[in-house]
Structure formats: C-alpha cells, structure tokens
C-alpha cells in the first residue's frame, strides 16, 4: 500500500454516504431508487437538472476537466525528473500542469470565446531556447488530447489565456490544472479544478480527482471520481472518464453529525499548507479523537462533501500568504451544494470578487457541515488567540 493509501486509511473506513430524506426530496427525483454505498445509482442525472441554469457550461466544464485529467494521467505514466520545474515559491510545475491548462483553456475558448480565465500557470518558462525541450513535450502532450493539432504558438497562447485579473463584474473561469502537484508527483492525490465565477460568486464547479477512491472503505478498489455542482442544483459525483456519455451521477451530501466528538479532520499532507500543530489543538477543543485524513489538493473538499470526513482545516502558516481563488473555487461550491459551509478563520464566506486571490478574507480556509461549522470556527479562533499570546 502506498503512503497515500496509508494516509487515507487512517480515516473513516466505512464511508458515510448518508443522504437525508430532506435532501433527497429537495432534488425532486422522479424515481424512488434506494441510495447505496456504490458510486453510481440506478439512473442518470434527472433531466430537469440537465436542461436548466448553466447546462451548457456544466457539460463543457466536465468535458474540459475529464480531458485534462487524461492528460495528467498520461504524463504520470512516463514522468521523468527533467519534466519538472521549480517556481520561485519552491512549488513544482510539471509538463502536465502546462498541458492540462492549455487543453482546458482551448476547450473553453471554443465554446465560450468571450469568457476570460484566471489560471495558475503562464508560459514564460516555455519560451526561447531554454524552454524548448519542455515546450516541445507540452505541445506533443496537448496534441494527444485535442481534436485538431495545435502549433507551439497556439499552445502557448492557450496557456496564457489564464492571465485574467479577475474581479467582481461579469463572468470568468478559474482553473488549477493540477492542484496538489506534489501529490501528483508522489502518485497520490491531486485534482483538476475548474470553476465559473459570475459577478464575484462561484456558480459552477467541477473537480476531477483521478486517484481518489470511488469508495473510501475500498482503498484498493476503483479510483477516479468527478464531482460537479451548479448553484442551486445540488452536488453530484460520478466516475471520472466514464466510457458512456450518459454516465450516471449520484447526489452527495456532507455527513449528518451534530456533535464534533464524532468528527474526522481532513487536512493537507504538506505541513507548509496548514499548521498540523494548530489542527491538533483544535481537535482537542472539539473532543475529536480520531486520526485525521491527510490528502493533497481540493480532494479534501471532495472527501468532506461526500461524508468521508467532516472538517477541512487549512490554517495560515504565514502572515503574508494569501489564498488563491483557483485553489478553492470548485471545492467551495461543491461543499455548499452538498450541505456544508466554507469560510475563512473568522467564519466569513470566501470572497471571490477581489481578483486572483482571496485578499478580502481573513486568511485560512475552513469547511465543515453546516451543523458544526460555527463550533469549529469558535475553536479555530480560540486556538489562534492562544497562539498569539
């Protein structure tokens, strides 16, 4: 079992796919199929959802994320050290990051040419003689996933469509082509994350999680999950890169707990992304005794949204670090539509209207079931206050 599997196995081995009757009825399902612990249910997504608000955007976003996920998986199978760069902030970037961003951006441009994009990467490291080797690998990779071949210039331009500044007016997409690059390099958890922001609010989110188990109590079973949510329509999951274009989806919901002593944390593997020590203190205040699930990327949102864990903590490790909108856009709406809440360390909702970052927020990100969110925020504030004394 890999280290990633071991980390996952510390958590809830019997995944809690408990959907409340209220949630089921709110979906207005036309059948009475019994929900099971399987990833799929017995019928496709209800037709009323497929024909409503942002239906085209939903379908295109799923197509883009699935295509980018295939690109990432292809790269991992033949990944070599020379295909990895290190940015100034010490974070690694692979040919898959560039390739996935080019693929997603080109698909979005095809269907929504007027929509700008806030993406994590830019093409500066791919230019000139110094970037030639990596550039050629990226172009080759992109052309395995596109309908028509793209030239080098077209690939670079597609990547750089992600340089939009963001803001509070109009609509734009935000993309993290590989969230959790270190997890990707380890062969563990990473996610392709795409969200649509309209007038400063996330309205649509898609997460592609190629290595996430379809069932957390079957770690050696099938892997690869796609989660999607549209504002007001609930959150759903299905197999990633399913063969059928009519792949069935199942609603997901956060676990129905009212007492934090029953809860399980979900936190980053990398201590640089969150303070594990602070998390342990918060766990004590909340009477949590179960070990945390530690996984990379927005897969943490996925785990909490479908009830594998109950609380996601990403506490500030630096007074100068500001969270980026692409790190939270898709996960934020999936959590909300699954019955959870997401906020900063003060409990304020994440503000996606301030540009490329969450600079309007107070730092950190906490996600939990709505029933326990306020209690968790209180414990967070107590811990941080004690730390500052």
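The values are calculated or read from the model by the stated rules, or taken from the named source; none is laboratory data. Worth saying up front: this structure is predicted, and the values here are computed from it rather than measured. Cβ atoms come from the backbone with ideal geometry, glycine included; neighbour counts cover every protein chain shown.
Quick check: is even one residue across region 143-160 outside the structural domain of residue 351 (by TED's automatic domain parsing) and closer than 15 Å to residue 356 by Cα? Steps first, please.
Within region 143-160, the first condition is being outside the structural domain of residue 351 (by TED's automatic domain parsing), and the residues that meet it are 143-160.
If we keep only those that are closer than 15 Å to residue 356 by Cα as well, we get 160.
The answer is yes; a qualifying residue exists.
So, residue 360, is that one free of Cβ contacts under 8 Å to residues at least 12 places away in the same chain and within 18 Å of residue 201 (Cβ to Cβ) or not?
On the way: free of Cβ contacts under 8 Å to residues at least 12 places away in the same chain: yes; within 18 Å of residue 201 (Cβ to Cβ): yes.
Answer is yes for this residue.
Need the failing condition index for residue 385 against (1) touching a helix residue (DSSP H, G or I) at 6+ places or on another chain (Cβ under 6 Å); (2) assigned to a helix (DSSP H, G or I), just the number.
(1)
Only one residue in 283, 330 is in contact with a helix residue (DSSP H, G or I) (Cβ under 9 Å, 6 or more places away or on another chain), crowded, with 22+ Cβ neighbours inside 10 Å, assigned to a helix (DSSP H, G or I) and at pLDDT below 95, so which one is that?
Numbers: 330 fails: at pLDDT below 95.
None of the others qualify; the one that does is 283.
The conditions are (1) in contact with a helix residue (DSSP H, G or I) (Cβ under 8 Å, 6 or more places away or on another chain); (2) at pLDDT 95 or above; (3) surrounded by fewer than 22 Cβ atoms within 10 Å (Cβ to Cβ); (4) within 24 Å of residue 57 (Cβ to Cβ), and residue 151 fails exactly one of them. Which is it?
Result: residue 151 passes all but (4).
Which residues, counting only those in region 355-372, are more than 20 Å from the chain's Cα centre (by Cα) and either more than 26 Å from residue 255 (Cβ to Cβ) or in a helix (DSSP H, G or I) (or both)? Before you say what the answer is, go through the steps one by one.
Residues of region 355-372 more than 20 Å from the chain's Cα centre (by Cα): 360, 362, 371-372.
Scanning region 355-372 gives 360, 362.
Among residues belonging to region 161-181 that are crowded, with 18+ Cβ neighbours inside 10 Å and more than 13 Å from the chain's Cα centre (by Cα), point out the one that is nearest to residue 93 (Cα to Cα). Explain how you work it out, then say what you get.
Going through region 161-181, the residues crowded, with 18+ Cβ neighbours inside 10 Å turn out to be 161-162, 166, 172-181.
With the extra rule that they be more than 13 Å from the chain's Cα centre (by Cα), the set shrinks to 161-162, 166, 172-173.
Working: 161: 18, 162: 16, 166: 23, 172: 24, 173: 21 Å.
That would be 162.
Please verify whether residue 232 is part of a loop (DSSP other than H, G, I, E, B), surrounded by fewer than 18 Cβ atoms within 10 Å (Cβ to Cβ) and without any contact (Cβ under 8 Å) to a residue 12 or more places away in the chain, treating the condition exactly as stated. Full working, then the answer.
Values: part of a loop (DSSP other than H, G, I, E, B): yes; surrounded by fewer than 18 Cβ atoms within 10 Å (Cβ to Cβ): yes; without any contact (Cβ under 8 Å) to a residue 12 or more places away in the chain: no.
Against the criterion (part of a loop (DSSP other than H, G, I, E, B), surrounded by fewer than 18 Cβ atoms within 10 Å (Cβ to Cβ) and without any contact (Cβ under 8 Å) to a residue 12 or more places away in the chain), residue 232 does not qualify.
Taking only region 339-369 into account, find how many residues are modelled with pLDDT under 95 and more than 20 Å from residue 320 (Cα to Cα).
Of the residues in that region, 1 qualify.
Residue by residue, here is whether (1) touching a helix residue (DSSP H, G or I) at 6+ places or on another chain (Cβ under 7 Å); (2) part of a helix (DSSP H, G or I); (3) more than 14 Å from residue 329 (Cα to Cα) holds:
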position: 158; (1), (2), (3): yes, yes, yes
position: 166; (1), (2), (3): yes, no, no
position: 177; (1), (2), (3): yes, no, no
position: 182; (1), (2), (3): no, yes, yes
position: 185; (1), (2), (3): no, yes, yes
position: 188; (1), (2), (3): yes, no, yes
position: 192; (1), (2), (3): yes, no, no
position: 195; (1), (2), (3): yes, no, no
